[in-house]
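Data first, discussion second: the structure below is written as structure tokens.
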Number of protein chains: 4
Amino acid sequence: MSFNTFGRVLRFTTFGESHGPAIGAVVDGCPPGLELSEGDIQPFLDKRRPGQSRFTTQRQEPDQVRILSGVFEGRTTGTPIGLLIDNVDQRSKDYSEVAAAYRPGHADYAYDAKYGFRDYRGGGRSSARETAMRVAAGAVARLVIPEVTITAWVEAIGGDAIDYAKFDAGEIGNNPFFCPDPDAAVRWEALVDDARKAGSSLGAVIACEAAGVPPGWGAPLYAKLDSELASAMMSINAVKGVEIGDGFAAAALSGEANADAMRPGANGPEFLANHAGGIAGGISTGQPVRVRIAFKPTSSILTPVATITRTGEASEIRTKGRHDPCVGIRGVPVVEAMMALVLADQKLLHRAQCG
Amino acid sequence: MSFNTFGRVLRFTTFGESHGPAIGAVVDGCPPGLELSEGDIQPFLDKRRPGQSRFTTQRQEPDQVRILSGVFEGRTTGTPIGLLIDNVDQRSKDYSEVAAAYRPGHADYAYDAKYGFRDYRGGGRSSARETAMRVAAGAVARLVIPEVTITAWVEAIGGDAIDYAKFDAGEIGNNPFFCPDPDAAVRWEALVDDARKAGSSLGAVIACEAAGVPPGWGAPLYAKLDSELASAMMSINAVKGVEIGDGFAAAALSGEANADAMRPGANGPEFLANHAGGIAGGISTGQPVRVRIAFKPTSSILTPVATITRTGEASEIRTKGRHDPCVGIRGVPVVEAMMALVLADQKLLHRAQCG
Amino acid sequence: MSFNTFGRVLRFTTFGESHGPAIGAVVDGCPPGLELSEGDIQPFLDKRRPGQSRFTTQRQEPDQVRILSGVFEGRTTGTPIGLLIDNVDQRSKDYSEVAAAYRPGHADYAYDAKYGFRDYRGGGRSSARETAMRVAAGAVARLVIPEVTITAWVEAIGGDAIDYAKFDAGEIGNNPFFCPDPDAAVRWEALVDDARKAGSSLGAVIACEAAGVPPGWGAPLYAKLDSELASAMMSINAVKGVEIGDGFAAAALSGEANADAMRPGANGPEFLANHAGGIAGGISTGQPVRVRIAFKPTSSILTPVATITRTGEASEIRTKGRHDPCVGIRGVPVVEAMMALVLADQKLLHRAQCG
Amino acid sequence: MSFNTFGRVLRFTTFGESHGPAIGAVVDGCPPGLELSEGDIQPFLDKRRPGQSRFTTQRQEPDQVRILSGVFEGRTTGTPIGLLIDNVDQRSKDYSEVAAAYRPGHADYAYDAKYGFRDYRGGGRSSARETAMRVAAGAVARLVIPEVTITAWVEAIGGDAIDYAKFDAGEIGNNPFFCPDPDAAVRWEALVDDARKAGSSLGAVIACEAAGVPPGWGAPLYAKLDSELASAMMSINAVKGVEIGDGFAAAALSGEANADAMRPGANGPEFLANHAGGIAGGISTGQPVRVRIAFKPTSSILTPVATITRTGEASEIRTKGRHDPCVGIRGVPVVEAMMALVLADQKLLHRAQCG
């Protein structure tokens, strides 16, 4: 089946292909009375928008969102919020070769194996273009959780990581890489430029932190906060790994080294560490919620790769056209959006059960 | 809310606390006509059962499962399968201290913050004891996917990893660590013994592979196969990270190095690599599905850790009693069960949409 | 598929067959801190219990419920509540004929057509015995909505209706028919006795009212309060019709005659009529919620009916054994339970979205 | 909460208000490879379209649907199908009075009680305009069940019923009332004209039959075919009652009179009656599935009705503007659409579990 809805009580459903007339989303279950206009959504879309630097795809999409329903006199009414973005810059001519042969690393072969055929134009439904609607839905979700501040950044590109000693959240918006370490940003400029010029691509690691999450959000056992976040993040195109808190590093620690000791604080407990990433037993502890996400390198590369055609013959394919040399970079606003959507959903779920 | 159900069309629901009278599960949506008896489930429970070596908790639970419904004359009827395991070896006296103070790393504080109070006996609902029901449900799921072979093993304990050059699947059952590398198994014996004697604990990494998954399983976009697996694995107690295929390592690769090239094979395409872990665009490719999972060290340790009491005073807590020095070890059958449950669900979903 | 779960955030799942070892339910999403013991559930089960008068089946089931989880020190913990009732009085020998031929009006043929075979003992999963678990779950749901008073009664048996001029809620518990009109109760005694002695059966109409539902519960558009009630009631064995408020009678009214005019009242609006049955636009209005439910006559009758065998030959079948001459009578506590379950779920949903 | 999604695996989500810029739907889970264009949907929308005779509202909406996604080269791809209809003929000036006072029988008060405020223009989200999207989604669902023929008709208006002896399915399309009895159609012309001229309104009963449903569709226990149909029909604006087969009439029958006897037929069993409406135990029997639905009279009438204002004062309201004198008439294509959507969903569910 196809399950294009995410969430339990604050749910969003997306539709649309890379080269269809439009992409859209329906956000359902939003509390009434929240001030909402296109102006609340557009800045997040602009942050994700392609074509803003030479380090992302040169496709030019204004990504102007329209609210079609669910808002009256500037406030949410509690009814479903329809969101629509017209596709403007589709160049279908670029994609003729893709119709005939499978691009390794892409969804091409898997979609054909599942559905029998596919909309091959720009990746069709499997295009990262869909994430624009997540960003739009996420902007709505943020209104549901004003107590929470969400910040994501790129932690590493192509294996070159930032130095957390130089971490400056204020720097994240000052470079095209969402990089909080100004020195790393300089290095990445060369790194990504080289990859781009070579027709190659690079992977990336994104980190995301949500501050201000009160203790008690999360829905054990099978909608645990960490489980929902893992699902949300792993559903983003090109993501291959998710960690909560220390993640895989925790597997190498002793119980003593991994313990987040507590002491009395001004407002509830004060934690002396946050190895757990703000989640215990699937429920938020009041510490910042921390997630790390691994993005594989963009599968579209100019180097020819061995493949097969739709009819099963051996072939080679080079993926020409406009691509992100490092798809992880534009993942930052998407990761933030998914964090907002999960937290908003869990806030409402917590309110349902625990009043 | 509390969401104790997992799955889309093949769903299971669990209930029960560590020290209540019983734990149980309901498996709903199972196809009719499959041969099923307690004998099909018990071996998997035995594999997970505590108290089998000195490297796991000494709690003695026979974990005898009873099928209460959904089976008639030895075959599944298509109606819900009720499964029940009586709790036998509850020693509630061990847990008095836990009622008063929060064990760092455990769900204690988070549950209290969410629900106002908690069943503190043996971790209550947040105990890993619940995973017995996942294993039981997973045994049913395996019957739904006879074409698939699932194998999990421990890849590292406390940061000491196996050597894949020595990998021998036949060794996994020959040691108490589900270790495929006999040399590592010897090392781990000392490692875990030391931790156990010191009242300390160790983290672990588990790897799991499902062979025989045909191409086409997976439900984009928000029930992608990788997304569902991430959710399933992250819902297991103590798990802090999930990778599909190369996972975080892929983030350091170039597009060329990460490409899973294809060539014509005897039965459909033959892949020259499996960086993707058998999943592209959220859909299986026909390659083995590969997942890695990070388990944090058991939070129950003998070393005193600073904490607070229920009433907010500073305190210290040592977790006495019977614990797994490395909870990841017993995670192996649980990981396999979750893999089976996700794949069986996706198989049925695929059949629903694509016939 | 088989979907044995009902509800959105307060959900219950049932399992069990008429002649299996036990039947059970899991109630998930219950708010924490509610006082709950077997004593809160048992009275409702006793009300539904068979064998209490000659007007219901003579099967003797004590229907003693056990709470297996989700309650600690007498209060709900917020974790799933496992409920179990052992089957005691199964006489499998009564059902040999049913294995071979299909009883018209029963689920026999449909189950075989769907699943290929069935547990034919006592109707297996399609037995009204399952409704015991709804009643048990409903008893939990009532604790979630203490502001609501739910009353159901039998309005007609075999086409003989009560006289609402003689309606006395206090009479409902004074006769074996849940009849609020003492004169009708006398008539029904003869009516049902005649049917019972003749090996025949009778249909019934049940009415149910929930007083105290505040305005605002309901989840448009596809989980409207009336839509959920219709689904809940139609899921009960033998139910063939559901009405909200005036129901089919409203279809014969003019707009003027059907208008529920309002005027200012002490606590919000005062309604001058309740044609709508307390629901407008799928949302409660604060008036009593009113539902009517049609039960067909028990399909098990002694008169031989033409049928076919499993292998397709012509045959005749008389349904011997212990049966309710009017299955609608014991529907009263089941209808009340479903009302409670729907309202409790909607209360929590309302709280989730609207705070 | 707001739950604007219907279905289990073939799901549709709608959004949009009566006087917003557009209404839309997302149909998710549709099998791939089905031929689909706007031309497959438009005829059903045309059937429901307002302003086609003097017996329906004079609002002029072309209701031109656009497919925004999920179709490629004329066939469904298996990805979500986005559907959009622009609102053209909104006259917001008509609705000023409604902003201030509650129209009895409408959702006005209930929406305010739930959400705190509402989009009062043309009923906002609670307008029957939303049903256009159900009709559009239903047209897609029909493609999933080509073996099924769905026919609905008006059986009674204002209490004046057709004579089934004169039933002629070919007549249904020959009059503006979807009336299969030509004599009744003549009578209804006068009846509805009178109501329209008097500013009054009338209720209606719709009957719907689905022929060709094979035995075995349905998902016990809580997604039974009858339960799902009841939910689907009761979710339609103005519906107050639903019957399967004989419905309430069955409650007055004896078991003998209600039995649907069987005998061997050319293709499986042949039934000698269909009191059950084609469903037993929640599963289709292979007989035609029969549903009856009661529509209350349109709540919008010219006669002044006592009400209260938003601020709680006594008032009177006459509902001027463009209204259907009998909203049940245009319910016919909506009922057919919901029937198609439920059956298509159940077909896919059946395939998932039973192959």
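Its alpha carbons give region C:48-201 an Rg and a Dmax of 19.2, 51 Å. The charge dipole of chain C, taken about the Cα centre with unit charges on the Cβ atoms of Lys, Arg (+1) and Asp, Glu (-1), comes to about 880 debye, rounded to the nearest 20. Within the listed set B:Asn258, B:Asn274, B:Asn237, the residue fluctuating most in the Gaussian network model of chain B (springs between alpha-carbon atoms under 10 angstrom) is B:Asn258.
Partner shielding of B:313-319 amounts to 2, given as the average count of beta-carbon atoms from other chains within 10 Å of each residue beta-carbon. Axis between C and B by rotation; chain C residue with nearest Cβ and distance in whole Å recorded as C:Thr13, 2.
Its relative contact order, with pairs defined as Cα atoms under 8 Å and 6+ residues apart, puts chain A at 22 percent. Dividing the Cα radius of gyration of the protein assembly as shown by 2.2 N^0.38 Å, with N the residue count, gives 0.89. The sum of -39500 (n - 2.57) across all DSSP H runs of n ≥ 4, divided by the residue count of chain B, sets its helix-only mean residue ellipticity at 222 nm to -8000 deg cm²/dmol. With label points set 7 Å from Cα along Cα→Cβ, the inter-copy distances at A:Tyr164 are 2.7, 7.0, 7.5 nm, sorted shortest first.
Counting protein heavy atoms only, region A:195-236 has 54 percent of its accessible area on carbon and sulfur, 1.4 angstrom probe. Residues B:Arg134, C:Arg292, sorted by accessible area with the largest first, give C:Arg292, B:Arg134 [1.4 Å probe; ligands and nucleic acids excluded]. Peptide B:295-306 shows a mean partner chain C-beta count of 5 within 10 Å per residue C-beta.
By the Kirkwood approach, averaging reciprocal distances over each pair of separate Cα atoms, region B:260-355 gets a hydrodynamic radius of 17.9 Å.
Seen against the Cα atoms of chain D and their longest principal axis, helix D:331-354 is set at about 40 degrees.
So for D:Glu228, C:Glu209, D:Glu38, what's the accessible-area order with a 1.4 Å probe, most first?
So, going from the largest accessible area down, we get D:Glu38, C:Glu209, D:Glu228.
About the centre of its Cα atoms, region D:90-173 shows a dipole size close to 540 debye [charges on the beta carbon of Lys, Arg (+1) and Asp, Glu (-1) only; nearest 20 debye].
With its label point put 7 Å out from Cα toward Cβ, C:Thr303 sits 4.4, 8.2, 8.2 nm from the same residue's point in the other copies, in order from shortest.
Structural descriptor for region C:99-216: relative contact order 25 percent, calculated from alpha carbon pairs under 8 angstrom and at least 6 residues apart. Take C:Asp163: with every protein chain present and a 1.4 Å probe, its accessible area is about 60 Å². Computed from Cα atoms alone, the Kirkwood hydrodynamic radius reported for region B:119-211 is 15.2 Å. Taken along its principal axes, the alpha carbon cloud of region D:8-80 reaches lengths of 41, 22, 22 Å, longest axis first.
Taking Cβ atoms as reference points and 11 Å as the exclusive limit, the residues near C:Leu45 contribute a net charge of -1, counting Lys and Arg as +1 and Asp and Glu as -1.
Rounded to the nearest whole Hz, the Karplus-based 3J(HN,Hα) values (6.51 cos²θ - 1.76 cosθ + 1.60, θ = phi - 60°) of region A:205-220 follow the sequence 10, 10, 10, 9, 10, 10, 9, x, 6, x, x, x, 7, x, 9, x, with x at glycine and proline.
Max-minus-min Cα coordinates of chain B on each principal axis give 65, 49, 37 Å, with the largest extent listed first.
Placing +1 on the Cβ of every Lys and Arg and -1 on the Cβ of every Asp and Glu, with no other charges, gives region C:242-298 a dipole of roughly 200 debye about its Cα centre. Per-residue mean of foreign Cβ neighbours for D:199-206 is 4 (Cβ atoms of other chains, 10 Å radius). Using the Cβ-Cβ distance between C:Ala314 and B:Glu38 with R0 set to 45 Å, the FRET efficiency works out to roughly 0.65. Calculated accessible area for the protein assembly as shown comes out at 28 Å² per residue, all protein chains present (probe 1.4 Å; ligands, DNA, RNA ignored).
Under 5 Å from the amide H of D:Gln64 lie the amide H atoms of D:Asp86, each residue being 5 or more positions distant or on a separate chain, with H modelled from the backbone and absent for Pro and chain starts.
Of the residues B:Leu341, B:Val242, B:Val327, the one whose Cα sits farthest towards the positive end of the charge dipole of region B:217-355 is B:Val327 (charges of +1 on Lys and Arg Cβ, -1 on Asp and Glu Cβ, taken about the Cα centre). Calculate how steeply helix A:38-48 sits against the longest principal axis of the alpha-carbon atoms of chain A, using the helix alpha-carbon long axis, and give the answer as 0 to 90 degrees to the nearest 10. Relative to chain A, helix A:38-48 is tipped by roughly 60 degrees. Taking every C-alpha pair closer than 8 Å and separated by at least 6 residues, the mean separation divided by the residue count of region A:228-355 gives a relative contact order of 24 percent. Label-point distances for A:Gln52 to the equivalent site in the other copies, using a point 7 angstrom along Cα→C-beta, read 4.9, 5.3, 6.7 nm when ranked shortest first. The distance separating the Cα centre of region B:67-133 from that of region D:143-161 comes to 51 Å. Each of A:Cys326, B:Cys354 has its accessible area taken with a 1.4 Å probe; listed largest first, they run B:Cys354, A:Cys326. The C-alpha atoms of chain B define a longest principal axis, and helix B:131-144 lies at about 20 degrees to it. Charged neighbours of B:Gln353, selected by a Cβ distance under 9 Å, balance to +3 (K, R count +1; D, E count -1). The 3J(HN,Hα) values that the Karplus relation (6.51, -1.76, 1.60; θ = phi - 60°) gives for region D:290-307 are, in residue order, 10, 9, 10, 9, 9, 9, 6, x, 3, 6, 7, 9, 7, 4, x, 10, 4, 7 Hz. Gly and Pro appear as x.
Computed from phi, the 3J(HN,Hα) profile of region C:188-200 under the Karplus parametrisation 6.51, -1.76, 1.60 (θ = phi - 60°) reads 5, 4, 5, 4, 6, 4, 4, 4, 4, 5, 7, x, 9 Hz, with x in place of Gly and Pro. With r as the distance between the Cβ atoms of A:Arg66 and D:Gln64 and R0 = 22 Å, compute the FRET efficiency 1/(1 + (r/R0)^6) and round to 0.05. E(calc), rounded to 0.05, equals 0.75. In region B:196-355, if every C-alpha pair distance is counted and binned at 10 Å from zero, what percent goes to each bin? P(r) for region B:196-355, in whole percents per bin: 10, 31, 28, 16, 11, 4, 1. Taking all protein chains as shown and a probe of 1.4 angstrom, B:Lys347 keeps an accessible surface of around 40 Å². Buried surface for the B/A pair, taken as the accessible area of each chain alone minus that of the pair with a 1.4 Å probe, is close to 7800 Å² in total. Dividing the Cα radius of gyration of region C:174-266 by its Kirkwood radius returns 1.06 for Rg/Rh. Eigen-decomposition of the gyration tensor built on the alpha-carbon atoms of region C:9-49 gives equivalent ellipsoid semi-axes of 21, 16, 8 angstrom, largest listed first.
The values are calculated or read from the model by the stated rules, or taken from the named source; none is laboratory data. All values reported here derive from a predicted model rather than from experimental measurement. Positions of Cβ are backbone-derived with ideal geometry, glycine not excepted, and every protein chain shown enters the neighbour counts. Keep in mind that these areas ignore ligands, DNA and RNA; they rest on the heavy atoms of the full protein, side chains included. Shrake-Rupley method; radii C 1.70, N 1.55, O 1.52, S 1.80 Å.
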